[in-house]
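One structure below.
The values are calculated or read from the model by the stated rules, or taken from the named source; none is laboratory data. Every value quoted in this text rests on a predicted model; they were computed, and no experiment measured them. Every residue, glycine among them, receives a Cβ derived from its backbone with ideal geometry; neighbour counts consider all protein chains shown. Areas reflect the complete protein model, heavy atoms only, side chains present, ligands, DNA and RNA absent. Shrake-Rupley method; radii C 1.70, N 1.55, O 1.52, S 1.80 Å.
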Amino acid sequence: MNTNSAEDEDEAPVDCDPTEMDNLNMEQAKKLYVKLRREQKRSVIYQQNLQRKMQKLKVDLDSRTEEVEGLQRTLQLAQRKYEDESRSLQKEHEFKAKAQEDRIRDYLSEVLYTKPSSSKKVEYELETVMVSFVRSDNFRYNLAFRVDGRTAVTELCNSACRYWGVSPEEYVLKTMASNKCQDEILVKQCFKQGEIAQLRLEKKRLDPTSTPTDDELKAIQPKVPHKKKQQQQNDVQYDAAGVNAIQKQHDNYNSELRRMGGAYFLLRTKNTKPSEHASKIKLRDIIIWTALVVLTFYGYWLRRPTGYDYWLLKGFEDEIVRSQAATNMTSGDVALGVYEVHTTDDLWNWLKYSLPNIVFPQNTTFNLKTHNMLLGYVAIRAQNVKKPLSPTSNCQQNAELVGQLEGKGAMCYPEGLNAETQETRDFSALQSYWQNRIASQSGVEVASRLRGPTPPWRWQSAEYNEDHHAISTLQGYYTRYDASGYMAEYSLGVSGMVDAYREDMYYFRNYGWISPLTRSVIVSFSAYNFAYDKWVSCDIIFSKAPSGAIEPLVELHAFRPKIAETKEELTETYIDYARLVIIFYIGIFVGMAERHHKIKNHKAGCWYHVSTNGICDIGCVACMLCVVIWRNVKFSQSSTKEIMQRVADTSGDKGYYSFSGQATDFVQILRVEGLMMVFLSFRMVNFFRLNRTVYLIWHTLGMALKSFLFVIALFVPTFVGFTLVAHTIYGPYLDNYATVTKTVLQFYRLLEGDLDVDELMGFDTIWAVFIIVCFYVIINYFLLNVFIAVVVDAYYVVQITQATAGDKWSTMKKVRWFVPGILVNMYQSLTSTSSTEAG
């Protein structure tokens, strides 16, 4: 207890009156000293703690202050960013506007006010005078006036005052040296030869403070010797009424300025924005696109070597088209060529005699089988319409007339094939013959399987033939024909069976297999060529009109049914995959870069998709994806061995197999690749814009394209009008004008100067001369020349606005264009570091 009390006393604060210290004894003084020392130590420790705490708070405050200041600076920069950009753009626009004004002023000064120097001493002529006027807003306005040798100063002053709406009595004209022009002198006498023709319209000083000096009077005198006689002549020839009539215009002399074509155009043309096309053309893009062009061209060349398909199909076409002597015919008869078939009798002649000579040759040395392997069956398919229930059931507008002629055999047959009009009933008579013929056929016929399993007397639907025979819809001369119909099959692997085939054709004709109700007969077969390693699909389409006229059409296509079996085909497939990778790069990265470039130049990124580059890029991507997907879906299902077994029908129960759809797909895919090459060509031309000349021509065509749209609005209706007139006059009589499409092609030939006008002249000379002359005058001389004028005008505008020399490429700029930016930055950082260490 005592100890604690002593400690409490020691720790108690010192409270002693200084006056009583002298009365303290030694013990009390020691205790007081100890207390004071402890109090001092506690004060020092407390002071140090406070200092450390204040220092920590100061550091924390400084960091918080620095953070706040940084946020404030960031906020201020963000707030000023838009203002700085606007101010920068405004300064740029002002600079460009000033530069354009200076350039226009220089051009106008050179064109309007200066005269070419001449060695002969002739009296100069003044045509234009610039009059300056300062309004109350302290802004100077300039206006050009047209004058001649008889225009007086007072007339010019009156015209200028009327234009600016001031009183001629209060204003006078002065020269640029502040010398007044006397009213009675001519305007051209106010200037010396070679002096800039410019005057100022200023207000008169009504109360002059001093009289003019002799020098001032001399300065306002005419600048040419006064010729009284010439002045009298000028006074006689001057027509004040005519000048006043000319000057009374309310359009601020726009009509007069429009006569000065070049100068007026310069005044109205806005300064175009500088092009940034060169900055987006990168070396890597050129390499990528060049690789895509090379791969596309090489892949196309592998699939269709030059001339291979032409000579392959040429052999088939010559064998099918040519007329030839036929066996077992009356002496002197000739088997018709396919394009010589125009009637039903011609068609039966061709089926009975010409077709066997093509697919079942006997006595000829050279034929299709000599150079090709004929595969499977030849299919003869007929499509008929139903017989009308009554003679007038299918009549459209002449039912009454046909009813009156019913006793004379008049009848309206269905015009086209559809689900309602197509005949689907069995040929009962032909069924009996066919079944008896199959039952009584010889052992050779059974062994060779001359006749296919499909019965010709039974109608097969389009769905059934598409599923079992792969027959597709075909385009004939008049319309398209689906896969349905009555079909007879004959094996192409037999020989010596021509007589049996012709016997079948004889009974087919007798039982009306082809009749007035027939609308199409299609003969189809396939072959394989050893030399070119190509397959051929052949479809011979005989389109029959209700009038009985027959128009033949031959469809030949070379193709390959498999894409990835041989080494060459695998190479083609790998090329497609490589192109697909490039296309993905173009669609993703090039598209992003192009859109970013548009945004960087203050345009919407979507404008890239409707630009020439965007259309070409999108077209290439779409074509490549279409080619790869289409080709893999259609040509990677079955192997060649399986296809050969199906075509040959080794089991004998499947019948004919068509390749027309697959061959058409093969050709269409190559056409899509050709379209892709068009897009690639335009894209490569875009890279050539690095050259200034190519860029100007490119820009000219782009500017002219806008005007082309308006010209086409005149061209197309006129061209369509001529087409309809020619189709109306010659369509019923001439094959080349039978349809609107053919008529359009004939007029295109007329544009090229390649039209055979003899058939037109032979039919109707007056109409032929009228159409040809009007077409040449309106289309060739007017509309086509308008296209040329549009291009010339666009080139004129481009030359005036952008014909200045482009930026010269320095060595560093070329290096940055050729070398990737990261490598250039690394090199610069290394060289700068080494130079710093050396210093």
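Under 5 Å between amide H atoms, partner at least 5 residues away or on a different chain: which partners does residue 128 have, H built in plane at 1.01 Å? So residue 128 has HN proximity to 147. Under 5 Å between amide hydrogens, built in the peptide plane, is the criterion, and for residue 376 it picks out 492 among residues at least 5 positions away or on other chains. Using 31 Å as the Cα-Cα cut-off, could you pick out the over-long pairs in 352/562; 352/654; 600/814? With Cα atoms farther than 31 Å apart: 352/562. For segment 569-575, the Karplus equation 6.51 cos²θ - 1.76 cosθ + 1.60, evaluated at θ = phi - 60°, returns couplings of 5, 5, 4, 4, 5, 5, 5 Hz by residue, with Gly and Pro reported as x.
Database remark: amide H of residue 520 closer than 5 angstrom to the amide H of 383, 544 (H placed geometrically; neighbours at sequence offset of 5 or more, or on other chains; Pro and chain starts carry no H).
The phi-based Karplus calculation (6.51 cos²θ - 1.76 cosθ + 1.60; θ = phi - 60°) puts the 3J(HN,Hα) values of segment 493-503 at x, 9, 9, x, 10, 5, 4, 5, 5, 5, 5 Hz, whole numbers, x for Gly and Pro. Ignoring any ligand, DNA or RNA, what whole percent of the accessible area of segment 606-694 comes from carbon and sulfur when the probe is 1.4 angstrom? Of the solvent-accessible surface of segment 606-694, carbon and sulfur hold 65 percent.
Pairs exceeding 22 Å between alpha-carbon atoms, taken from 386/742; 603/813; 282/706; 386/544; 280/603: 386/742; 603/813; 282/706.
Counting protein heavy atoms only, segment 741-813 has 66 percent of its accessible area on carbon and sulfur, 1.4 angstrom probe. Note that segment 372-440 presents 60 Å² accessible area per residue, ligands and nucleic acids not counted, probe 1.4 Å. Among 34-43, 170-179, the peptide with the highest mean count of other Cβ atoms within 10 Å heads the list, and the full ranking is 170-179, 34-43.
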